[in-house]
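The numbers here are math on the coordinates, done by the rules we state, and not lab data. Predicted model, so just to flag it, every value in this text is computed and none were measured. Please note: Cβ atoms are built from the backbone with ideal geometry, for glycine as well, and neighbour counts cover all protein chains shown.
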Amino acid sequence: MSVQKNSPVIGTDRIPIHVGIIMDGNGRWARRRNQIRTQGHLEGLKAAKRVVKAASDMGIRYLTLYTFSTENWKRTAEEVGFIMGLVKKHLRGELDFYRENRLRLRHAGDAEGLPPDIAAEIREACGDTRSFGGMQVILALNYGGRDEIVRAVNRLKAENAGRITGKDLAKYLDNPDIPDPDLIIRTAGEMRTSNFLLWESAYAELYVSDKLWPDWTEEDLREAITDFQKRDRRFGGIKTGSDT
Ligand code: FPP
């Protein structure tokens, strides 16, 4: 891993296991340059690739990218079509990138609500990378935290009678084997989590960056991780040795 001049050097002891990113600001990035919004998504995809590689090099085990939410269907048909096309092209054309870095692709979200060709592409890419033991990249596509919980409850209800626990419900989420995120990053300055990993982020640390997503680099990820390493995580308990 290359360490740039003046960049904080991250300790290797407290690397978050699972990081989720709300990649926001593609539209603003384009507007500031008098370009159309879709240009921002194109640059956003380049940033995603940079950050995936950097996260993998830093030893993060799971990276969830909020790529398209259940609410994003409200955008124009042109923009929705462009993003779906971009995802498809990425999955088709970048298999070598995943293979070289031993990255395993996974999906979170409602696959049944996706256009059939996109759902098929995701299924195939997930299958092709299934055996790779490196970082897992979870594409949250047609994903909403509330929708995930509702789908989980419906599956659980169909298979279980009687009183249920949180542990029972968690087994029916989209990727029950993946540990909860330690860190949720949001770019472009907005202070909200916008229906991202609602159940799973109960004890995640939040990090908000003012930078727009297409401008994000390895350096920005490193700063976020360094900030995370200074946090005192108590998970609702108290600090050992604390007398207050
Ligand atoms: C938000 O910016 C970003 C999205 C809706 C996600 C689109 C992301 C990509 C195309 C890049 C990643 C793709 C893959 C395959 C990993 P916005 O449009 O809401 O920005 P704005 O708030 O400035 O308008």
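Would you mind working out the magnitude of the charge dipole of the chain relative to its Cα centre, with +1 at each Lys and Arg C-beta and -1 at each Asp and Glu C-beta, to the nearest 20 Debye?
My answer is approximately 140 debye.
Quick one: what are the phi-derived ³J(HN,Hα) couplings along region 15-29, Karplus 6.51/-1.76/1.60 with θ = phi - 60°, whole Hz, x for glycine and proline?
Coupling constants for region 15-29: 7, x, 6, 10, 10, x, 10, 8, 7, 10, x, 4, x, 4, 4 Hz.
Which whole-Hz ³J(HN,Hα) couplings does region 163-168 yield from phi under the Karplus relation 6.51 cos²θ - 1.76 cosθ + 1.60, θ = phi - 60°, glycine and proline marked x?
Using θ = phi - 60°, the values come out as 6, 10, 10, x, 4, 4 Hz.
Applying the Karplus parametrisation 6.51 cos²θ - 1.76 cosθ + 1.60 with θ = phi - 60° to the phi angles of region 43-54, what ³J(HN,Hα) value in whole Hz is obtained for each residue in order, glycine and proline being reported as x?
Karplus values, whole Hz, x for Gly and Pro: 5, x, 5, 5, 5, 4, 5, 4, 6, 4, 4, 5.
Using a Förster distance of 25 angstrom, determine the FRET efficiency expected from the C-beta separation of Lys167 and Lys49, and round it to 0.05.
0.10
In debye to the nearest 20, how big a dipole does region 105-189 give about its Cα centre with +1 on each Lys and Arg Cβ and -1 on each Asp and Glu Cβ?
In debye, rounded to 20, region 105-189 gives about 360.
Counting Lys and Arg as +1 and Asp and Glu as -1, each charge on the Cβ, what is the dipole of region 116-244 about the Cα centre in debye, to the nearest 20?
740 debye
Taking every Cα atom in the chain, find the radius of gyration and the maximum pairwise distance Dmax, and write them in Å.
18.4, 59
Sort 22-28, 150-156 by the packing proxy (mean of other Cβ within 10 Å over each peptide's residues), most packed first.
Most protected by this proxy first, the peptides run 22-28, 150-156.
Cut-off is 10 Å between beta-carbons; in what order do Phe82, Phe97, Phe235, Phe196 appear when sorted fewest neighbours first?
In increasing order of surrounding Cβ atoms, one gets Phe235, Phe97, Phe82, Phe196.
Can you figure out the FRET efficiency of Gln229 with Arg92, using R₀ = 30 Å and their beta-carbon distance, to the nearest 0.05?
0.20
Among rounded, prolate and oblate, which fits region 113-244 when a ≥ b ≥ c are the square roots of the eigenvalues of its C-alpha gyration tensor, a/c under 1.5 means rounded, and a/b larger than b/c means prolate?
oblate
I need the trypsin sites (Lys or Arg not before Pro) found in region 84-149, filtered to DSSP loop residues with at most 11 other beta carbons within 10 Å of theirs.
Arg130
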